[in-house]
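Working notes, beginning with the structure itself.
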Ligand SMILES: Cc1cc2nc3c(=O)[nH]c(=O)nc-3n(C[C@H](O)[C@H](O)[C@H](O)COP(=O)(O)O)c2cc1C
């Protein structure tokens with residue numbers, strides 16, 4: 001195992017795996033969609049989140065003018081459409097029409113919501129903060145919807161098609177897959193208790209069984225087994 005020094009800009013790629021969203025916007029009859037990997041929760045009460053955009057993006061202007069936006073969280077079935085939205089600017093074309101995705105009306109904003117996504121977050125713009133060569137758009141969350149198959153207070157990750165995508169960089173994406181529950185104990189000094197040989201063995205056995213079943217049954221067969229079909 002070798003440690004290597006990387007460029008400071010690699011920090012962004014290392015922190016990437018969060019759900020990719022497609023930002024949709026609407027202004028004076030024009031609509032637009034662009035994927036973003038740089039999103040961040042900022043506050044619980046009121047619920048606020050940040051979207052970091054390069055000022056050259058058409059989406060940045062659309063948000064400034066309309067003072068609202070929506071985040072659409074795609075699953076693997078919209079991998080191609082997500083990459084398509086990120087491959088060109090909406091300044092002089094309607095990318096949503098070009099993607100042939102259906103759209104539906106949002107609850108609280110004019111931006112359209114994209115059919116086929118797993119979850120949708122509607123925001124009103126509260127602040128615009130320059131950060132280096134990008135701009136942080138601070139949105140107050142005013143409506144959230146999610147598919148029951150995908151989300152129930154956490155991503156369920158029970159079925160392949162209902163798991164969010166993360167962005168690795170370039171043309172590479174990954175799927176958030178298995179949900180794992182962290183279990184740990186603390187020793188008398190308040191430190192993290194080491195996993196006992198037995199616990200480790202048990203965990204590794206379970207992981208190996210799961211991998212074997214996945215290989216035997218394929219992803220879909222395995223998920224059907226889990227859901228008892
Ligand atoms: C998966 C993915 C994630 C991206 N994340 C961001 C981001 O967080 N911020 C940003 O400014 N651009 C990001 N981009 C680039 C924009 O989506 C891309 O430049 C897009 O064409 C902008 O479209 P627009 O000009 O219509 O807004 C991302 C691209 C992809 C494919």
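Readers should treat all values here as calculations from the given coordinates under stated rules, not as data from a laboratory. What you see is a predicted model, and the numbers here were worked out from it, not measured in a lab. Cβ sites come from the backbone with ideal geometry, for glycine too, and all protein chains shown count toward neighbours.
Data for the structure
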| item | result |
| --- | --- |
| Gaussian network model of the chain, springs between alpha carbon atoms under 10 Å - residue of 193, 48, 62 with greatest fluctuation | 193 |
| Rel. contact order, % - alpha carbon contacts under 8 angstrom, at least six apart, the chain | 19 |
| Theoretical ellipticity at 222 nm over the chain - DSSP helices of four or more residues, -39500 (n - 2.57) apiece, nearest 500 | -7500 deg cm²/dmol |
| GNM flexibility winner over the chain from 81, 217, 148 (Cα, springs under 10 Å) | 217 |
| Modelled label reach - residue 107, point 7 Å along Cα→Cβ, the range 133-153 residues with backbone N closer than 17 Å | 140-153 |
| Distance from the range 152-206 to the range 65-112 (C-alpha centre basis), Å | 31 |
| 0 to 90° range, to nearest 10: angle between helix 197-226 axis and the chain longest Cα axis | 50 |
| Theoretical FRET efficiency, 1/(1+(r/R0)^6), r = Cβ-Cβ of residue 88 and residue 54, R0 22 Å, to 0.05 | 0.90 |
| Selected from 98, 170, 50 as most flexible by GNM, with the chain as the system and alpha-carbon contacts under 10 Å | 170 |
